[in-house]
Amino acid sequence: MELFKNPNIDFLGRKGIFFALSALLLAGGIGSLVTKGGLKYGIDFTGGAAVPVRFTEAPPIDKIRSAVAAKIPGEIAVQEVSTEHEVIISTMLDATQDPAAQEKAIQEARGLIVAALNENFADPSGKFDFNNASTQALAEHLREPFQRAGIGISDQERERLATEMISFRNTPPRSGLLTSFDQLKEVEGVTPAMIQVISQECSLASFGIRGAEVVGPKIGRELRNKAFLATLYALAGMLVYIAFRFEFIYGAAAVIAVLHDVLITLGLFSLFDKEISLNVVAALLTLVGYSMNDTIVIFDRIRETLKLSRRDSYLKVVNDSINQTLSRTVLTSSLTFITALALLLFGGPVLNGFSFVLVAGILVGTYSSIFIASPILVYWQGVMEARRQARK
């Protein structure tokens with residue numbers, strides 16, 4: 001399918017305009033980064049409290065995020081991690097290396113998350129929540145009800161039973177979440193009379209906190225370094241591939257264009273005050289591959305046209321090649337852009353950073369293949385021709 005029949009647009013004649021546009025975007029992004037002291041990193045890179053929570057049904061991500069955000073200031077990340085209705089709720093905090101301060105921060109974050117979830121997902125009866133109870137709290141809570149029901153056991157035995165029941169609750173396949181008190185029949189020493197008292201005095205929330213931990217700043221730095229190295233390795237691998245398939249200058253031009261795309265996209269993230277997360281890093285690597293693919297298509301056509309038009313100038317060959325691949329470039333970029341735009345508009349906050357990279361990257365990557373990578377080839381060819389003339 002051809003959108004344009006025999007186009008003859010002088011793309012390279014307008015390269016100065018787009019060089020100026022790229023310089024303006026790069027300057028704006030760098031200026032924003034300097035002003036704001038660098039990129040704004042999310043919990044994945046800065047550290048925070050991570051609390052895994054399991055639900056009895058498919059967890060409502062947006063409702064969970066809103067509930068926790070009402071209790072805890074700052075960024076809240078809710079990520080679904082398995083098919084067992086489990087999510088990880090992450091919050092920003094000062095992840096100090098002091099163990100005592102770490103433990104205190106964890107418990108505070110856990111308490112606020114439990115409070116937020118209780119207000120929105122707990123049993124409205126207000127009974128003691130068995131699914132989120134600790135061993136000590138459960139043993140203490142059952143003291144008087146057992147006495148009233150005539151269940152004569154010692155404090156030590158009651159604490160042992162509480163330990164056994166909590167251990168049973170936390171063992172797979174329950175994994176921290178009972179759906180019925182009848183399940184306690186499997187616990188050794190728990191009688192039907194005890195189960196009846198427990199069912200009267202306790203409730204089963206639709207969620208269970210499976211633990212809590214701190215992602216420290218050291219891990220965040222390691223993730224940032226690995227993300228940076230992953231991008232460099234991808235660019236180096238592409239440089240080697242294109243240099244082997246075409247020539248070194250083709251690989252250098254493609255890598256410069258892709259690096260240009262990544263820098264502009266990061267600059268836009270800073271300008272729009274968006275956070276860098278692992279999803280964003282994945283999107284940047286996707287952008288690298290997409291932009292490189294578009295550039296290779298044009299380079300491949302340049303190589304083919306050079307064989308057929310040996311008498312034409314290199315500038316004309318490159319310009320003709322861009323025109324010949326224009327329909328394919330516009331079709332591919334437009335369809336991908338529409339998909340990415342739909343993700344940006346309707347994907348919600350979890351996919352916002354990922355889709356923003358794709359939307360910005362598709363636009364920047366498409367025009368860099370034409371107005372950055374191709375002019376570099378023409379410039380280099382001019383330099384080499386000037387050297388040949390000088391030698392003559």
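Before moving on, here are some points about what is shown:
- Which of 321, 327, 22 has the fewest Cβ neighbours within 10 Å, and the rest in rising order: 327, 22, 321
- Ascending count of other beta-carbon atoms within 10 Å, so fewest first, for 366, 231: 231, 366
- Scattering profile of the chain at q = 0.07, 0.10, 0.15 Å⁻¹ [log10 I(q)/I(0), Debye over alpha-carbon scatterers]: -0.51, -0.78, -1.27
- In this simple spin-label model, placing a label point 7 Å from the Cα along the Cα-to-Cβ direction at both residue 182 and residue 241 gives a separation of 5.8 nm.
- Extension reserve of the residue 351-residue 157 stretch, reckoned as 0.36 nm per residue once the Cα distance is removed: 64.8 nm
- Between the beta carbons of residue 316 and residue 389, assuming R0 = 22 Å, the FRET efficiency works out to 0.70 to the nearest 0.05.
- Pairs exceeding 31 Å between alpha-carbon atoms, taken from 63/274; 71/226; 5/307; 40/127; 5/274; 71/185: 71/226; 40/127; 5/274; 71/185.
- In nm, spacing of pseudo-spin labels at residue 379 and residue 297 (7 Å Cα→C-beta vector): 2.5 nm
- Exposure proxy for 314, 233: other Cβ atoms within 10 Å of each Cβ, ordered fewest to most, give 233, 314.
Laboratory data are not the source of any read-out in this text; all were calculated from the coordinates shown. Since the model is a prediction, treat every value here as computed from it, not as a measurement. With ideal geometry, Cβ positions are generated from the backbone for all residues, glycine too; neighbour counts draw on all protein chains shown.
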